[in-house]
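The next block holds one structure in the form of C-alpha cells; read it before the comments.
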Amino acid sequence: MLLIAKRKLSILFFSFLISIGFAQNHDEIIIQSHNDYKQKTPFWTAYTSGLNLIEADVFLKKGKLYVAHENGEIEKHKTLEALYLKPLLQVSSKDEDLHKDIILMIDVKTEAVSTLTKIQETLQNYPQIINHKHIKIVISGNRPNSDVYHTYPAYISFDYQEIEEPIAPENLEKVALVSTSFNQYSEWNGKGRLTHHDYEKVTNVIHKGKKLHKPFRFWGTPDSKTAWRIFTELGVDVINTDMPKRCAEYVHSLVHRTTKPLVVSKVYQPTFKNDGAQTQVKNVVLLIGDGNGLSQISSATLANKGVLTLTQLKKIGLIKTQSADDFTTDSAAAGTALATGQKTNNRAIGTDVNGDPLKNITELLHQKGFSTGCITTDEITGATPSSFYAHQKDRSQKEEIAEDLLTSDLDFFAGGGAKTFKKLEIKKQFSIVNHVDELTNSKAKRAGLFFSKGGVPSIITNRGNLLAETTKAGLQFLKQKEKPFFLMVEAAQIDSFGHSNNTEGIVNEGVDFDRAITEAIKFADENEGTLVIVTADHETSGFSVSSGDVQEHKIEGGFVSHDHTGTMVPIFAYGPQSDNFSGVYENNLVFKKIVEVLK
Ligand code: MG
Ligand code: ZN
C-alpha cells in the first residue's frame with residue numbers, strides 16, 4: 001500500500017521535474033575518468049582533456065580518507081585531499097578555467113555512513129569547492145539508504161543504483177546520476193555490435209533508467225571506440241573510460257566526423273560496348289580525384305546508396321604514389337609523374353629532380369595533332385592542373401605558373417584563380433567565356449573559363465553541379481574541333497577536406513566527382529575510341545570508414561593524419577585498351593600506358 005502510494009507520488013512529481021544534464025547531443029555527453037587515480041597524472045589528465053566526471057575510490061582508514069583500488073594498496077600520500085580536493089581548489093579559484101560542470105564522484109569503499117561523515121567533515125574545509133556552482137560532489141559505491149538522501153547538505157548528491165526500486169521525490173532530488181552494471185545485461189566485448197538479444201536488454205534498461213530524468217550511466221563497460229560510439233547512439237549519458245584523452249577526442253569529434261550526403265550521383269549504367277576492345281584509342285579523358293583513396297571512394301559509394309557510376313567499371317588497378325624524394329608524395333610530384341611519366345621531387349611542377357623541364361602529355365599530344373584541356377575545382381595554377389601545362393621548380397611560383405598557361409599548348413582550361421592573371425594578357429591567348437553554357441558551342445580556337453577570382457567554392461558551400469557541367473561542356477568543346485583530344489579533369493577538394501579531416505566534405509566531393517565521371521563515361525559510350533581513366537594522385541589523411549549505415553546513407557569517417565599518406569590508390573579504366581591499366585604499378589607508368597595506347 002505504502003509502496004503504491006510512494007510510486008504514484010513519484011510519478012506525479014516527475015512531471016514537475018526539470019530534466020538536468022540530459023544528454024541532447026554529443027557535446028553534452030559526460031565522459032567519466034574511471035578509477036582516475038590510476039592515471040599517470042590523476043585529475044589533471046582528465047581535467048585537461050575536458051572530462052566532466054572524475055571517479056575516485058575512497059577508503060576511510062584511521063580517520064583519514066585515502067584514494068586506492070584495494071585496501072592493501074593504500075599509500076600515505078594518496079589522500080582524497082592531495083589528489084582531488086587541492087587540484088579542484090586550484091581550478092575553482094580561476095572561474096574562466098571552470099565554465100562547465102565537473103563532477104567528483106567519490107566511490108566509497110568503506111562503511112557508508114562513517115565514511116560519508118568524514119567526507120563531509122573534510123569538505124567543510126573547502127568552502128570554495130562546496131559552494132562552486134560548477135562543481136558537484138557525487139557519492140557512489142557504499143551509500144546510505146536512499147530514504148535519507150534528503151537529509152544530506154546541498155553540496156552532496158548521489159549515484160542512484162537501485163533503478164528497479166521506487167524513490168521518493170525529495171530523495172530523487174538528491175540524485176545526480178542513475179547507474180547500473182553493464183555486465184548484468186550483456187557480455188559484449190566492445191567489438192562489432194551487440195547481439196540482437198543483448199541490444200534489446202540494454203535498450204530496455206537505458207529506457208527504464210532514463211525515466212528518472214537523470215543522466216544515465218553504465219559501469220563495467222567495454223572500453224573501445226566502437227563501445228563509446230554505440231553507447232552514445234543508445235543515449236547513454238555517461239561514457240566510462242580508462243582512456244580519458246582518447247575517449248574525449250573520439251566522442252567530441254563524432255558528430256563532426258559523421259555525415260549524410262547532400263548531393264546524389266545519378267548512376268549511369270555503361271554499355272561496355274567498347275570496354276576492353278583492342279581498337280584504336282582516339283580520345284583520352286583522365287579524371288583525377290585529388291586525395292581520392294579507396295576509403296574516400298568507399299565512403300562516396302556507401303553514401304550514394306552503395307553504388308556510383310565509378311563502381312560499375314570493370315578494369316581496375318592500383319598505383320604506387322611515392323615521389324622521387326619522399327615516401328609521401330605531394331600533388332605536384334604526383335601530378336608531374338602522371339603528366340610526364342617521370343617521378344620527381346615534391347613541390348616540382350613539370351620539372352625533373354634537377355629542376356629541368358620535362359615534356360608533358362599535353363605538349364607531346366599537341367605535336368601529334370591532338371586538342372588538349374584541363375578542368376579543376378582548384379585554382380587553375382594549382383599543383384595538379386599546372387603539372388599538365390607548366391614547368392616550375394616550386395608549386396608556390398603561382399605567377400610563373402600562370403605565365404606558363406599562356407604559352408602552353410592547352411586549347412581549353414576551366415578552374416578558379418582568375419586574380420592571378422590580372423596583369424597577364426590572358427584574353428589575347430584564350431577566349432574567356434563567362435559561363436559554362438557559352439563553352440559548349442564556342443568556336444574559339446582556345447577557350448578558358450574562370451569559376452572564381454580565388455579559390456573555387458566547395459560542394460558543401462554551394463558549388464552546385466559545376467564540375468559535371470564543365471566536364472560535359474569541355475568534352476563538347478574539344479569534340480567539335482574534330483581532332484583527337486586529351487582532357488584532364490580534377491576533383492581537387494576531396495584532398496582539401498582530407499587535410500581538414502572533414503568527412504562531410506570528403507563524402508560530398510566524392511559523390512560530386514562521380515557526377516563528372518558519369519559525363520565522361522556517357523561521352524565514351526557515344527563517341528567510339530574514347531578511353532576514360534579515373535585515378536588519384538595520392539591518398540589524404542589516412543581516411544577510414546569506421547562505421548555507418550547504408551540504409552540511412554550515414555558515414556563515420558576516421559583520420560590518422562592531416563597530410564597525405566603513402567597508401568596505394570585505385571585506377572579505373574573504361575573504353576578501348578582499358579585492360580592495359582589493370583595491375584599494380586608506379587604512378588609514372590600511367591603516362592607511359594596512355595602514350596602506348598595512343599600509338
Ligand atoms: Mg590538386
Ligand atoms: Zn593535399
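The set of residues in segment 123-155 that are touching a residue at least 12 places away in the same chain (Cβ under 8 Å) and either within 18 Å of PHE216 (Cα to Cα) or among the basic types (Lys, Arg) (or both) comprises LYS136, ILE137, VAL138, ILE139, SER140, GLY141, ARG143, SER146. For segment 322-340, the set of residues classified as of a type outside the set (Phe, Trp, Tyr) and closer than 13 Å to ASP563 by Cβ consists of ASP326, THR328, THR329, ASP330, SER331, listed by residue number.
Before we move on, is HIS150 over 26 Å from GLU233 (Cα atoms), over 32 Å from the mean Cα position of the chain (by Cα) and assigned to a helix (DSSP H, G or I)? Yes: the conditions hold for HIS150.
Looking at the structure I just gave you, is ILE297 in the same structural domain as THR530 (by TED's automatic domain parsing) and not in a helix (DSSP H, G or I)? Against the criterion (in the same structural domain as THR530 (by TED's automatic domain parsing) and not in a helix (DSSP H, G or I)), ILE297 does not qualify. Restricting attention to segment 156-196, the residues that are closer than 17 Å to PRO215 by Cα and of a type in the set (S, T, N, Q) add up to 6. Against the definition (surrounded by 18 or more Cβ atoms within 10 Å (Cβ to Cβ) and either more than 22 Å from ALA176 (Cα to Cα) or free of Cβ contacts under 8 Å to residues at least 60 places away in the same chain (or both)), how does ASN52 come out, yes or no? Considered against the rule, which asks whether it is surrounded by 18 or more Cβ atoms within 10 Å (Cβ to Cβ) and either more than 22 Å from ALA176 (Cα to Cα) or free of Cβ contacts under 8 Å to residues at least 60 places away in the same chain (or both), ASN52 comes out as yes.
Taking each residue of segment 198-216 that is touching a residue at least 40 places away in the same chain (Cβ under 8 Å) and looking for partners that are assigned to a helix (DSSP H, G or I) with beta-carbon atoms closer than 7 Å, six or more apart or interchain, yields LEU212/LEU172; HIS213/PHE14. Assess whether LYS359 counts as being more than 21 Å from GLY289 (Cβ to Cβ) and surrounded by fewer than 19 Cβ atoms within 10 Å (Cβ to Cβ). Considered against the rule, which asks whether it is more than 21 Å from GLY289 (Cβ to Cβ) and surrounded by fewer than 19 Cβ atoms within 10 Å (Cβ to Cβ), LYS359 comes out as yes. Exactly one residue among ILE426, ILE432 is more than 15 Å from GLY373 (Cβ to Cβ) and touching a residue at least 12 places away in the same chain (Cβ under 8 Å), and that residue is ILE426.
Any chance segment 199-216 includes a residue that's part of a strand (DSSP E or B), out of contact with any Pro (no Cβ under 8 Å at 6 or more places or on another chain), at pLDDT 95 or above and closer than 26 Å to TYR47 by Cα? So far as segment 199-216 goes, yes, one or more of its residues are part of a strand (DSSP E or B), out of contact with any Pro (no Cβ under 8 Å at 6 or more places or on another chain), at pLDDT 95 or above and closer than 26 Å to TYR47 by Cα.
For first residues located in segment 550-570 and hydroxyl-bearing (Ser, Thr, Tyr), partners that are not in a loop (DSSP other than H, G, I, E, B) and lie 6+ apart or on another chain with Cβ distances below 8 Å form the pairs THR565/GLU539; THR565/THR540; THR567/LEU294; THR567/GLU539.
If the condition is being closer than 16 Å to ILE30 by Cβ and not β-branched (Val, Ile, Thr), then segment 183-218 contributes GLY209, LYS210, LEU212, HIS213, LYS214, PRO215, PHE216, ARG217, PHE218. Residues in segment 525-566 that are in contact with a helix residue (DSSP H, G or I) (Cβ under 8 Å, 6 or more places away or on another chain), among the polar types (S, T, N, Q) and within 24 Å of THR344 (Cβ to Cβ): THR535, THR540, SER541. Looking only at segment 372-401, residues that are closer than 28 Å to GLU482 by Cα, free of Cβ contacts under 8 Å to residues at least 60 places away in the same chain and out of contact with any Lys or Arg (no Cβ under 8 Å at 6 or more places or on another chain) come to 3 in all. Residue count for segment 454-501, restricted to those that are within 20 Å of SER265 (Cα to Cα) and within 16 Å of ligand 2 (Cβ to nearest atom): 8.
For beta carbons closer than 8 Å, sequence separation of 6+ or different chains, a first residue in segment 68-88 that is acidic (Asp, Glu) and a second that is surrounded by 14 or more Cβ atoms within 10 Å (Cβ to Cβ), the qualifying pairs are GLU75/TYR66; GLU75/ALA68; GLU81/LEU65; GLU81/THR122. Selection of helices (runs of 4 or more DSSP H) fully inside segment 70-134 by the criterion of at least 3 residues being of a type in the set (A, V, I, L, M) returns 86-92, 112-123. Scanning segment 337-366 for residues that are of a type in the set (D, E, K, R) and under 17 Å from VAL285 (Cα atoms) turns up just one, GLU363. Summed over segment 555-583, residues that are among the acidic types (Asp, Glu), away from ligand 2 (no atom under 16 Å from the Cβ) and open to solvent by 10 Å² or more (accessible area, probe 1.4 Å) total 1.
Inspection of segment 293-304 finds a residue satisfying the criterion of being buried (at least 22 other Cβ atoms within 10 Å of the Cβ) and within 16 Å of ligand 1 (Cβ to nearest atom). Within the bounds of segment 506-525, is there any residue that is surrounded by fewer than 19 Cβ atoms within 10 Å (Cβ to Cβ) and in contact with a Gly (Cβ under 9 Å, 6 or more places away or on another chain)? Within segment 506-525 (the criterion being surrounded by fewer than 19 Cβ atoms within 10 Å (Cβ to Cβ) and in contact with a Gly (Cβ under 9 Å, 6 or more places away or on another chain)), the answer is no, since none of the residues qualifies. Filtering GLU552, GLU528, GLU586, GLU519 for residues that are away from ligand 2 (no atom under 16 Å from the Cβ), over 29 Å from ASN501 (Cα atoms) and not aromatic (Phe, Trp, Tyr) leaves a single hit, GLU528. When PHE327 is tested against the conditions (1) within 16 Å of ligand 2 (Cβ to nearest atom); (2) in contact with a strand residue (DSSP E or B) (Cβ under 8 Å, 6 or more places away or on another chain); (3) of a type in the set (Phe, Trp, Tyr), the lone failure is (2). Considering only residues in segment 481-505 that are open to solvent by 10 Å² or more (accessible area, probe 1.4 Å) and of a type in the set (Asp, Glu), the one that is nearest to ligand 1 (Cβ to nearest atom) turns out to be ASP495.
Number of residues in segment 308-335 that are open to solvent by less than 60 Å² (accessible area, probe 1.4 Å) and part of a loop (DSSP other than H, G, I, E, B): the value is 10.
The values are calculated or read from the model by the stated rules, or taken from the named source; none is laboratory data. Bear in mind that the values here come from a model prediction, so they are computed numbers and not experimental data. Methodologically, a virtual Cβ is constructed for each residue, glycine included, from the backbone with ideal geometry; neighbour enumeration extends over all protein chains shown. Surface accessibility is based on the protein's heavy atoms, side chains included, excluding ligands, DNA and RNA. Shrake-Rupley method; radii C 1.70, N 1.55, O 1.52, S 1.80 Å.
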